[in-house]
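Read-outs: derived from the displayed coordinates by stated rules, not from any lab. As the structure is a prediction and not an experimental result, all values here were calculated from the model. Reconstructed Cβ throughout: ideal geometry from the backbone, glycine too, with neighbour counts over all protein chains shown.
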Amino acid sequence: MSGRVLVGVKRVIDYAVKIRVKPDHTGVVTDGVKHSMNPFCEIAVEEAVKLKEKKLIKEVVAVSCGPQQSQETIRTALAMGADRGIHVEVSGKDYDSLGPLQVSKILAALAKKEEAQLIILGKQAIDDDCNQTGQMTAALLDWPQGTFASEVSLEAEKIKVVREIDGGLETIKINTPAVLTADLRLNTPRYATLPNIMKAKKKKIANVKPADLGVDLTSRLEVLRVDEPPQREAGVKVETVEDLVAKLKDTGKI
Amino acid sequence: MTVLLSALGGCRILRSGCRGLSQLAELPETHQLLRQTCRDYADKELIPVAAKLDKEHAYPAKQIKELGSIGVMAIEVPEDLGGAGMDYLAYCLALEEISRGCASTGVIVSVNNSLYVGPVLKFGTEEQKKRWISPFTTGEKVGCFALSEPGNGSDAGAASTMAHQDGDHWVLNGTKAWITNSWDASAVIVFATTDKKLKHKGISAFLVPMPHSGLSLGKKEDKLGIRASSTANIILEDCRIPLDNMLGSRGAGFKIAMQTLDSGRLGIASQALGIAQASLDCAADYALKRTAFGAPIGKLQAIQFKLADMAVALESARLLTWKAALLRDSKKPFTKEAAMAKLSASEAATFCSHQAIQILGGMGYVTDMPAERHYRDARITEIYEGTSEIQRLVIAGQILKEYQL
């Protein structure tokens, strides 16, 4: 199988940053906060670049939906080895309400437009933890999906995917074109080397609007309120096992 | 900006100066990406092992190779020779982040880039560049720079290492001291006197492979800091090298050394900035967590004033370093600015690491926290590649020249 791979890369608040809820409880503070590429998206980019290095695919296209700053995330993907980028411009209120349903509609439209044979995404984003975009994209395209991939191998016109599931590892074989979502152990993303950073300067990032793709960004969801998790309270010490069981029954835990 | 200046008569010097100034305020995207890559690498691969490398005086061979594949072992070298083909500002940014992770690793990278590859790139023949640069871009091999001797450091013009011609060989005799990377290097640039009567104009530079017969290493110095990098004497006893191994022309050695050190100064300035930043990070983090008198000590003015002073010293040194790098990249004179950068950065490093220990109190004095290592690593930055005293002489010399017109 040779051809084009679309890789979705999301700009999220950096994993090391301490998240703060906005005083009006409508969301988290993002202004002036360090952002970087979602770690699972980095793994997705790495997998795509590795497939290209093995000459199993021809072109890696990095896609990001968001405001101007999303271009930085695409540039990082280019510096890791992606060939070109597509920035789908979404800003303001549209960006605030952008979720997996809208993104998967955008990716599906792009996949058709670019005649992609494979879409690789991170399994979830570390800001919303939705774990939905990959699955929705596959459904919209009526493509098979290999989610939580910890190992991917291309065999003729099929893809063998080892998936990390609760019970252990599940191996499936799916047809192409397909959607894959990357799990933690799929690979270790490379550092953007200096020569690749220099090469990335010459690579193109195309600008596209969701309307051009015929995508309606209206959200069906409304965020009512965002709160910090409850403060962890001190525990209670008990003398015997019987006391423990009694306490658990009292508080309705068992 | 550019439009306004064109209206003023298109003064080219002003325009490129403005582009340089805007780079001080916001770095170009490639530089931001490189800085981020080096920062990530330092966080993941250097900070976790720095204490161990220091304790064991262990050369970070694995890390140097990885840094080689990232492309930072020969940043300025053009791509056709195996380098990254980037500018000196990029080099300074990379070196600061690496040194923030591990100062020893920083000096190894700095010496290879500025003191070894740098002069060969500037003064070498095409043949010499291929032979002596390309294998040293990947981190597999590193080079070193032998100017100082037991009898002269600051007094570089008094080189007592001698070189005389014997047939189709140069024969070198003498001892070089304090050579960084010596125990791990595969090549060295040696400065030796070829014509004693010409004094400092009679010094020439030579490329010597390592190991090589006639070249031996003294014992590894047991240093206060930057312990993962090796420092030792290089002893030359009838060390024979082909005539082709002379770098630059006969008698140009002193000039080569001085120009090389101008650039090397920016490398050490960047290393010092990294140490200062690491100290500030450590101190600020501690100030937010440690409570005394019922609140984090970061709420106390005494601590706040220290943090402010540290940040100002660091940021001003950083801007001086970037300005010197930008001048060098624009091929403008940068000797004064480089000396100012090295002087302020090294003094900022010793100041910041000193204050960091103070803020950490007893915890700053033990090896559980990195503050003590930063303090030990910082100290050398005021000494090597031109002592703070020499920097002051260089700066004063430049200033007086400017006023003499």
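For every other residue with a beta carbon closer than 14 angstrom to the beta carbon of B:Lys52, add +1 if it is Lys or Arg and -1 if Asp or Glu, then tell me the sum.
My count for the surroundings of B:Lys52 gives 0.
Helix B:335-360 against the longest principal axis of chain B: what's the angle in degrees, Cα atoms only, rounded to the nearest 10?
Taking the Cα atoms of chain B, the angle to B:335-360 is about 40 degrees.
What are the ³J(HN,Hα) couplings of region B:283-297, residue after residue, when phi is run through the Karplus curve with 6.51, -1.76, 1.60 and θ = phi - 60°? Round to Hz, x for glycine and proline.
My calculation for region B:283-297 gives 5, 5, 4, 5, 4, 7, 9, 6, 10, 8, 6, x, 8, x, 5 Hz in order.
Report for the protein assembly as shown the percent antiparallel among DSSP-assigned beta bridges with both residues inside it, nearest 5.
Close to 60 percent.
Which entries in A:Lys18/B:Lys141; B:Lys201/B:Lys336; B:Lys52/B:Lys130; A:Lys34/A:Lys203; A:Lys199/B:Lys306; A:Lys22/A:Lys247 show an alpha-carbon gap greater than 32 Å?
A:Lys18/B:Lys141; B:Lys52/B:Lys130; A:Lys199/B:Lys306; A:Lys22/A:Lys247
Per-residue HN-Hα couplings for region A:18-31, Karplus 6.51 cos²θ - 1.76 cosθ + 1.60 at θ = phi - 60°, whole Hz, x for Gly and Pro?
7, 6, 10, 7, 4, x, 8, 6, 8, x, 9, 6, 10, 5
Near A:Lys202, which aspartates and glutamates are there with a Cα under 13 Å away, not counting those fewer than 8 places off in the same chain?
Partners found: A:Asp83, B:Glu29.
Which Cα, out of B:Leu81, B:Val120, B:Ser99, lies furthest along the positive dipole direction of region B:75-128 (beta carbon charges, K/R +1, D/E -1)?
Farthest along the dipole direction, towards plus: B:Ser99.
Quick one: compute the contact order of region B:83-211, relative version, from alpha carbon pairs under 8 angstrom and 6+ residues apart, as a percent.
20 percent
Output the 0 to 90 degree angle, nearest 10, between the alpha-carbon long axis of helix A:70-80 and the longest principal axis computed from the alpha carbons of chain A.
Rounded to the nearest ten degrees, it is 70.
Could you work out, residue by residue across B:69-78, how many beta carbons of other chains sit within 10 Å of that residue's beta carbon, and then give the average as an integer?
3
Looking only at B:Leu215, B:Leu273, B:Leu300, which one moves most when chain B is put into a Gaussian network model with springs between Cα atoms under 10 Å?
Its mean-square fluctuation being the largest, the pick is B:Leu300.
At a threshold of 8 angstrom on Cα-Cα distance, excluding pairs fewer than six apart, so keeping six or more, what relative contact order does region A:2-249 reach in percent?
About 24 percent, as a whole number.
Taking the 0 to 90 degree range and rounding to the nearest ten, how far is the long axis of helix A:241-250 tilted relative to the main principal axis of chain A, both from C-alpha atoms?
Helix A:241-250 sits at roughly 80 degrees to that axis.
Just want to confirm a number: the relative contact order over chain B, from Cα pairs under 8 angstrom separated by 6+ residues, in percent.
In percent, rounded to a whole number, it is 16.
Which residue, B:Leu236, B:Leu89, B:Leu33, has the most motion in a Gaussian network model of chain B that connects Cα atoms within less than 10 Å?
Judging by the Gaussian network model, the answer is B:Leu33.
Less than 14 Å Cβ to Cβ from B:Tyr365, Lys/Arg counted +1 and Asp/Glu -1: what total charge do the surrounding residues give?
0
Do the sum for the protein assembly as shown: with -39,500 (n - 2.57) for every DSSP H run of n ≥ 4, divided by all residues, what is the mean residue ellipticity at 222 nm, to the nearest 500 deg cm²/dmol?
-13500 deg cm²/dmol
Considering amide H positions built from the backbone, and no H for Pro or chain starts, which residues 5 or more places from B:Trp170, or on another chain, come under 5 Å of its amide H?
Amide H to amide H, under 5 Å and 5 or more residues apart or across chains, B:Trp170 pairs with B:Ile241, B:Leu243.
With a cut-off of at most 12 other beta carbons within 10 Å, and DSSP calling the residue loop, which trypsin sites (Lys or Arg not before Pro) in region A:151-218 qualify? Please list them.
Sparse-neighbourhood loop trypsin sites (Lys or Arg not before Pro): A:Lys204.
Taking loop as defined by DSSP and a crowding limit of 14 other beta carbons within 10 Å, which GluC sites (Glu not before Pro) in region A:119-173 fit?
The qualifying sites are A:Glu157.
Assigning unit charges at the beta carbon (Lys, Arg +1; Asp, Glu -1) and nothing else, what dipole magnitude in debye, to the nearest 20, does region A:2-249 show about its Cα centre?
Approximately 1080 debye in magnitude.
Would you work out which of A:Leu224, A:Ala234, A:Val9 lies farthest towards the positive end of the dipole of region A:2-249, given +1 charges on the beta-carbon of Lys and Arg and -1 on that of Asp and Glu, about the Cα centre?
A:Val9
Could you please rank A:Met136, A:Met80, B:Met258, B:Met73, placing first whichever residue has the fewest other Cβ atoms within 10 Å of its Cβ?
Least crowded to most crowded, the residues run B:Met258, A:Met136, A:Met80, B:Met73.
Taking the Cβ of each residue in A:Ser104, B:Ser154, B:Ser229, B:Ser99 as the centre, tally the other Cβ atoms inside 10 Å and list the residues starting with the fewest.
B:Ser154, A:Ser104, B:Ser229, B:Ser99
Most exposed first by the Cβ proxy, i.e. fewest other Cβ within 10 Å, how do A:Thr26, B:Thr321 rank?
A:Thr26, B:Thr321
Less than 11 Å Cβ to Cβ from B:Trp183, Lys/Arg counted +1 and Asp/Glu -1: what total charge do the surrounding residues give?
0
Checking the table A:Lys113/A:Lys160; A:Lys55/A:Lys158; A:Lys105/A:Lys209 against a 18 Å threshold on Cα-Cα, which pairs fail?
A:Lys113/A:Lys160
Whose amide H sits under 5 Å from the amide H of A:Thr147, counting only residues 5 or more places off or on another chain, with H placed in the peptide plane?
A:Thr181
Is there a quick way to get the dipole size of the protein assembly as shown? I mean about its Cα centre, with the Cβ of Lys and Arg at +1 and of Asp and Glu at -1; what is the value in debye to the nearest 20?
Its charge dipole is roughly 1340 debye.
Is there a simple number for the mean count of other chain Cβ atoms within 10 Å of the Cβ of residues in A:186-199, and what is it?
Taking all residues of A:186-199 together, the mean is 6.
At most 12 other Cβ atoms within 10 Å plus a DSSP loop assignment makes a site exposed; report the longest stretch of chain B without any exposed trypsin sites (Lys or Arg not before Pro).
The longest uninterrupted stretch comes out as B:1-218.
Under 16 Å Cα to Cα from A:Lys112, which aspartates and glutamates show up? Leave out anything in the same chain fewer than 8 places away.
The reachable aspartates and glutamates, counting only those whose Cα sits under 16 Å from A:Lys112, are A:Glu59, A:Asp142, A:Asp212.
So which residue, out of A:Lys93, A:Lys237, A:Lys18, gets the largest mean-square fluctuation from a GNM of chain A using Cα contacts under 10 Å as springs?
Among A:Lys93, A:Lys237, A:Lys18, the largest mean-square fluctuation in the Gaussian network model of chain A belongs to A:Lys237.
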